[in-house]
1. What are the residues in the range 145-168 that are closer than 21 Å to residue 106 by Cα and either touching a His at 6+ places or on another chain (Cβ under 7 Å) or in contact (Cβ under 8 Å) with a residue 60 or more places away in the chain (or both), if any?
2. Over 18 Å from residue 146 (Cα atoms), of a type in the set (Phe, Trp, Tyr) and in contact (Cβ under 8 Å) with a residue 40 or more places away in the chain: which single residue out of 222, 204 fits that description?
3. Please note which helices (runs of 4 or more DSSP H) are completely contained in the range 139-240 and include at least 2 residues that are at pLDDT 95 or above and within 23 Å of the chain's Cα centre (by Cα).
4. Only one of (1) among the β-branched types (Val, Ile, Thr); (2) surrounded by fewer than 16 Cβ atoms within 10 Å (Cβ to Cβ); (3) touching a Leu at 6+ places or on another chain (Cβ under 8 Å) fails for residue 90. Which number is that?
5. Restricting to the range 67-78, name every residue that is under 13 Å from residue 162 (Cα atoms) and either touching a helix residue (DSSP H, G or I) at 6+ places or on another chain (Cβ under 7 Å) or of a type in the set (Asp, Glu) (or both).
Amino acid sequence: MSFSSIVLMLSSNKKLDKHRLIKLHNCYRPIGKHIQGHRKPSSVSPTLQSEPTRMRQREQTKDKLIQAALELFVRQGYHGTSINDITQKVGVTKAAFYSHFDSKGQLLLRIISEYESRYIDQLIRAVAEYASDPIGKLHRAISFSADFAVENPDLCLFLDHLTTELNADVAFLPALKKVHDKHRHFLRDIIAEGIQQGLIKKDYDPELTAVTFMAIHQGVLYQWSLHRQQLDGRKYVKNYRRVIMNGLKA
C-alpha cells in the first residue's frame with residue numbers, strides 16, 4: 001500500500017493528530033533523498049577523493065611556471081625576467097611560485113636539468129640505439145636534433161641564448177658546463193671512432209671537431225629561429241647536413 005493511500009485512510013480518523021502524520025511521513029520518506037538539509041553519507045572521504053585532483057593541479061601549475069619562465073628567459077634573458085613576470089604570465093600569485101621553487105635561480109637550474117634529460121640524454125640514447133657506422137650516427141644526431149628543435153624550439157634555444165649571459169655566474173656555471181661537456185664528449189667519441197675506421201679525415205682533432213660541430217649546430221638553430229617564416233626547414237637541414245658531413249668525410 002502506498003504512503004498516500006495510508007494517509008487518506010487514517011486522516012478520516014479524527015483522533016490522528018498532525019504530529020502522528022508527520023512521524024508517519026518520516027517513516028515512509030525515500031532513503032538517500034536530501035530532505036531538510038540531510039545528506040546521504042558518502043562512502044569515500046572528501047579529503048581522499050580530492051587529493052589526486054589537488055596533486056594534478058600542483059603539477060600542472062609547476063609545469064606552467066617552467067614553460068612560462070623558459071619562454072621569458074629566451075626572449076628577455078634571465079636577468080631581464082622577474083618572478084613577477086613569470087607569475088603574471090601564468091596567472092598565479094607569488095605565493096604559488098614559492099610553493100614550488102625557492103627562487104628564480106632554482107627554477108633556472110630545473111630548466112637546465114630539463115634540457116639535459118629531454119634533449120642531451122635522449123639524443124645520446126637515440127644515436128646509441130642506431131645501428132650504423134660513425135658517419136651514420138652523426139647523421140642520426142643531426143636528424144634527432146632537427147626534429148627536437150621543431151617540437152621544442154624554446155628549450156633548444158634556451159641554453160644557447162643564456163650561456164653567454166650566465167657564463168660568469170658561479171651559481172650556474174657548473175650546471176651549464178656539465179651539459180656542454182656531456183654533449184661535447186658524446187660527439188668527440190663518435191668522431192674519434194670515425195677517424196680510427198678511416199671514415200673521417202685523419203688530420204681532424206676529435207675534441208676540436210666536436211666543438212666545431214656544436215658551434216655550427218647552434219648557429220644553424222639561431223638563424224632558423226630568426227628566419228623560420230622564410231626558410232624551408234627540410235631544405236635548410238639538408239643543406240646543413242651536406243655542408244658539415246661532406247667536410248668530415250675522408
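1. 154, 155, 156, 157, 158, 160, 161, 162, 165, 166 - these are the residues of the range 145-168 that are closer than 21 Å to residue 106 by Cα and either touching a His at 6+ places or on another chain (Cβ under 7 Å) or in contact (Cβ under 8 Å) with a residue 60 or more places away in the chain (or both).
2. 204
3. 173-196
4. Going through the list (1) among the β-branched types (Val, Ile, Thr); (2) surrounded by fewer than 16 Cβ atoms within 10 Å (Cβ to Cβ); (3) touching a Leu at 6+ places or on another chain (Cβ under 8 Å), residue 90 breaks only (2).
5. 69, 70, 71, 72, 73, 74, 77, 78
Rundown of residues vs (1) under 17 Å from residue 137 (Cα atoms); (2) surrounded by 13 or more Cβ atoms within 10 Å (Cβ to Cβ), yes/no style:
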position: 194; (1), (2): yes, yes
position: 197; (1), (2): yes, no
position: 201; (1), (2): yes, yes
position: 213; (1), (2): yes, yes
position: 218; (1), (2): no, yes
position: 222; (1), (2): no, yes
position: 225; (1), (2): no, yes
position: 230; (1), (2): no, no
position: 235; (1), (2): no, no
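So that you can scan it fast, the table gives a plain yes or no per residue for (1) in a loop (DSSP other than H, G, I, E, B); (2) outside the structural domain of residue 174 (by TED's automatic domain parsing); (3) among the β-branched types (Val, Ile, Thr); (4) under 25 Å from residue 170 (Cα atoms):
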site	(1), (2), (3), (4)
64	no, yes, no, no
79	yes, yes, no, yes
96	no, yes, no, no
109	no, no, no, yes
114	no, no, no, yes
119	no, no, no, yes
124	no, no, yes, no
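The values are calculated or read from the model by the stated rules, or taken from the named source; none is laboratory data. What you see is a predicted model, and the numbers here were worked out from it, not measured in a lab. Virtual Cβ from ideal backbone geometry, glycine too; neighbours counted across all protein chains shown.
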